[in-house]
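The values are calculated or read from the model by the stated rules, or taken from the named source; none is laboratory data. Nothing here was measured: the structure is a model prediction, and the numbers come from that model. We place every Cβ from the backbone using ideal geometry, glycine too, and count neighbours over all the protein chains shown.
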Amino acid sequence: MAKLGNILVLLISMFMSSAVYADTMSIDDHTPTPLNLMPWLTVTHLNTTSELADIQALPKTKWHQFTSGDIQRLSQHNFWLTFSIQSGDESLSRILALDNPLLDKVTLYHLVGNQLINTTYMGDTLPYQQRPLLSNIFLYPFKINANEQHTFYLHIETEGNAAVPINLWSANDLVQIAESTAVEHGFQLGVLAAIGIFSLFIALASGSFSYSYYSGYVLCMTLLVATINGFAFRFLWPNWPALQQLMVPMLLPLVMGFALMFTEKILQLKYYNRHMLLMCRYSAVYILLVCLLVPFTRYGTVLYIEIVSVAVLSIIMMILAIIQAVRGQKLAKLYTIGWVSMLTGACLSSLLYLSVIELNIKPQTPVMLGLTFEIIFMSLVLAIRYNDERKAKQRIQQEALKQAQKIRSAREEALKVEAETNERLEQKVQERTLELEITLRELHEVNQKLTEQSTIDSLTGVKNRSAFDKRLLAESRISRRQETPIALLMLDIDRFKSINDQFGHLAGDQALKLIAQTLQQHLKRPTDLVSRFGGEEFAIILPNTTADGALQVAESIRDTVSCIGLTWEGKPIPLTVSIGVSADVIMNEQHSTELLEQADKALYQAKNSGRNQVKLYAPAQTEPN
């Protein structure tokens, strides 16, 4: 019945407001509360700096019914509102509630008949203790006697969101709804704060950047929610209204900055997509620069910039997550599920703040609903990642333990053999000493030869193909980790088959030795490596070398080889080489193989172009048939 009565009152009020500006509404003890006063509000934007007497003197033509169009902009607002209440045959106690904790300054004039009985100042530019009733929202209690008419004038001066949801409450109804709202908001803030502090402890204990950024995001978001709902001003800085004016525009970019850095870590963009990584980092720098502008920019202007930025960056983060999820990254899929609610809520709230769309809800409601789900779900995502990392570490530890066990077993076996050998040696120490020393010396020499043979090409004395492959793998990992270039040179002796055919294989072997010595002489750095790749081909690794540097080395080698004066049985043998060059920063495990193939393609290009020259790989090169 109460709901039906409320609906009837609202329909009657709408009908009355469609005919004239309804300045007076009648209430009695059966009028349900809360009673929305919006249909009875009239507004004027004229004479905003005048006194109450000047406003009262304005003709009705200067007033119009209050609508959302009067407060669309996020800028400086300065306007007057008025409405009147007529009581029935009984006295009533009512509370006027203005449910927007972020209004800067509200001056309320209370008149009975035409006599001013009270002037009240409210707003978050004043200390919290100056409010008529200590509450997160602005409350004004009053008593209306039988058959009295009370008129209220409200002078609103605020910047940013100027929503003025005014309701008339009975004390009992307000206490009940205030308790339930306090429990709801307290539970939400408690959950957010607990998750943020717990994540902070994990970040401090583990040194995890992911948990550090997530903790910063959750704690800043918790403080932002508390500020928007009025809890922060009430409990944290009640005597610092100037700080209250800065907190929302300061916290918005901080929340988005931590969100962007957390996104980079959780999606592992450093390892998967460099362009997305740079996009996240540049976006974080931009939004933090906006935060630095807050003390020097008008509240409405900076809030407008931040809301637009939050909407755009929210869409960007959603797109990045979806792209990585489509590519099969498990954490990106979970991240997308968790953030879709938050980002959707942020976009809806931004559109509501900018008055692009109109819904019968508070602008912060969509982002608050999405926030609760998103933070709880992202905690689950972090827990999954932590569990995956823990399992990976356990696997590594288990493998290390197995290796240690193998080493221990080998050592025990070696000690056992050594003990048996010592026992035999004690029995025959005098007669076998010389023989044992000779055997040990020969064994040492054999081991040295085997070690050399495993990495050295027996003919040329340079490293062999196996040593080249191992070094290329190691240097590629260093290039990828340090983001430094690596260069490869593929070198082939021109017309080597004709040398073997005309002068014999011994002459060809001598040519290989001379060229190998020349290559060794041109490599000055300890990290450079030359190896015999196969037949008459040599390969050179030049770590931390750009394409220009590699070309200089290659040209120097080519020029020196062409000056070698090799003669065989009194006949000169001309020696020239063709060299293919490739250089790049290694990006993944397969990149080193691609770099080697590129050097080989450049080598064939050099040979097909007339030999005795150096070619740098370029994607436009055509491969030889």
query: Residues in region 118-136: is at least one in contact (Cβ under 8 Å) with a residue 40 or more places away in the chain, in a strand (DSSP E or B) and touching a Gly at 6+ places or on another chain (Cβ under 6 Å)?
result: no
message: Which numbered condition in (1) modelled with pLDDT under 75; (2) of a type outside the set (Ser, Thr, Tyr); (3) surrounded by fewer than 20 Cβ atoms within 10 Å (Cβ to Cβ) is the only one that Trp339 fails?
response: (3)
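Take Gly580 and decide whether it is in the same structural domain as Gln521 (by TED's automatic domain parsing) and either in a strand (DSSP E or B) or touching a helix residue (DSSP H, G or I) at 6+ places or on another chain (Cβ under 8 Å) (or both). Explain how you work it out, then say what you get.
Details: in the same structural domain as Gln521 (by TED's automatic domain parsing): yes; either in a strand (DSSP E or B) or touching a helix residue (DSSP H, G or I) at 6+ places or on another chain (Cβ under 8 Å) (or both): yes.
Answer is yes for this residue.
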Close pairs from region 161-176: first farther than 16 Å from Met25 by Cα, partner aliphatic (A, V, I, L, M) and in a helix (DSSP H, G or I), Cβ under 6 Å, at least 6 apart: Ala162/Ile71
query: Based on what the data block shows, is Ile319 outside the structural domain of Ile266 (by TED's automatic domain parsing) and either at pLDDT 75 or above or crowded, with 16+ Cβ neighbours inside 10 Å (or both)?
result: no
query: Which pairs have Cβ atoms under 7 Å, sit 6 or more apart or on different chains, and link a residue in region 21-39 that is over 14 Å from Gly88 (Cα atoms) and of a type in the set (A, V, I, L, M, F, W, C) to one that is at pLDDT 85 or above and not in a strand (DSSP E or B)?
result: Ala22/Pro39; Ala22/Trp40; Met38/Phe66
statement: Given (1) modelled with pLDDT of 80 or more; (2) buried (at least 22 other Cβ atoms within 10 Å of the Cβ), Leu236 misses just (2)
statement: Residue hits (region 210-258; closer than 14 Å to His185 by Cβ, touching a residue at least 24 places away in the same chain (Cβ under 8 Å) and of a type outside the set (A, V, I, L, M)) are Thr222, Thr227, Asn229, Gly230, Phe231, Phe233, Arg234
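Considering every residue within region 226-240, establish whether at least one is farther than 30 Å from Gln324 by Cα, among the hydroxyl-bearing types (Ser, Thr, Tyr), in contact with a helix residue (DSSP H, G or I) (Cβ under 7 Å, 6 or more places away or on another chain) and part of a helix (DSSP H, G or I). Break it down stepwise before answering.
Let us first name the residues in region 226-240 that are farther than 30 Å from Gln324 by Cα, namely 226-240.
If we keep only those that are among the hydroxyl-bearing types (Ser, Thr, Tyr) too, we end up with 227.
Checking which are in contact with a helix residue (DSSP H, G or I) (Cβ under 7 Å, 6 or more places away or on another chain) leaves us with 227.
Narrowing the set further to residues that are part of a helix (DSSP H, G or I) leaves 227.
Within region 226-240, one or more residues are farther than 30 Å from Gln324 by Cα, among the hydroxyl-bearing types (Ser, Thr, Tyr), in contact with a helix residue (DSSP H, G or I) (Cβ under 7 Å, 6 or more places away or on another chain) and part of a helix (DSSP H, G or I).
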field: Top-ranked residue of region 518-544 - restricted to ones that are farther than 19 Å from Ala599 by Cα and of a type in the set (D, E, K, R), ranked as surrounded by the most Cβ atoms within 10 Å (Cβ to Cβ)
entry: Arg525
- line: In region 452-495, anything surrounded by 18 or more Cβ atoms within 10 Å (Cβ to Cβ) and hydroxyl-bearing (Ser, Thr, Tyr) is listed as Thr460, Ser476, Ser479
message: Restricting to region 131-172, count the residues that are over 45 Å from the mean Cα position of the chain (by Cα) and farther than 22 Å from Val112 by Cβ.
response: 1
message: Looking only at region 87-113, filter to residues that are exposed (fewer than 15 other Cβ atoms within 10 Å of the Cβ) and touching a residue at least 40 places away in the same chain (Cβ under 8 Å); which one of those is nearest to Thr301 (Cα to Cα)?
response: Ser93
query: For region 180-190, does any single residue satisfy the condition of being at pLDDT below 80, surrounded by fewer than 19 Cβ atoms within 10 Å (Cβ to Cβ) and of a type in the set (Phe, Trp, Tyr)?
result: yes
- line: Screening Leu277, Leu288 for residues that are surrounded by fewer than 17 Cβ atoms within 10 Å (Cβ to Cβ) and assigned by TED's automatic domain parsing to the domain that holds Ile357 leaves only Leu288
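For the structure I just gave you, tell me whether Ile486 is closer than 24 Å to Thr593 by Cβ, in a helix (DSSP H, G or I) and touching a Pro at 6+ places or on another chain (Cβ under 8 Å). Even if it seems obvious, please write down each step before you answer.
Working: closer than 24 Å to Thr593 by Cβ: yes; in a helix (DSSP H, G or I): no; touching a Pro at 6+ places or on another chain (Cβ under 8 Å): yes.
The answer is no for Ile486.
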message: Is it the case, given these coordinates, that Leu260 is more than 14 Å from the chain's Cα centre (by Cα) and assigned to a helix (DSSP H, G or I)?
response: no
- prompt: Given the conditions (1) in contact with a strand residue (DSSP E or B) (Cβ under 9 Å, 6 or more places away or on another chain); (2) under 15 Å from Gly257 (Cβ atoms), which single one is not true for Ile177?
  reply: (2)
- prompt: With (1) in contact with a helix residue (DSSP H, G or I) (Cβ under 9 Å, 6 or more places away or on another chain); (2) in the same structural domain as Ile541 (by TED's automatic domain parsing); (3) at pLDDT below 90 as the list, and Gly570 as the residue in question, which single condition is left unmet?
  reply: (1)
Residue that is in the same structural domain as Gly69 (by TED's automatic domain parsing), at pLDDT 85 or above and among the small types (Gly, Ala, Ser), where the choices are Gly113, Gly160, Gly123: Gly123
query: Just one of the numbered conditions (1) surrounded by 19 or more Cβ atoms within 10 Å (Cβ to Cβ); (2) in contact with a helix residue (DSSP H, G or I) (Cβ under 7 Å, 6 or more places away or on another chain) is not true of Ala203; which one?
result: (1)
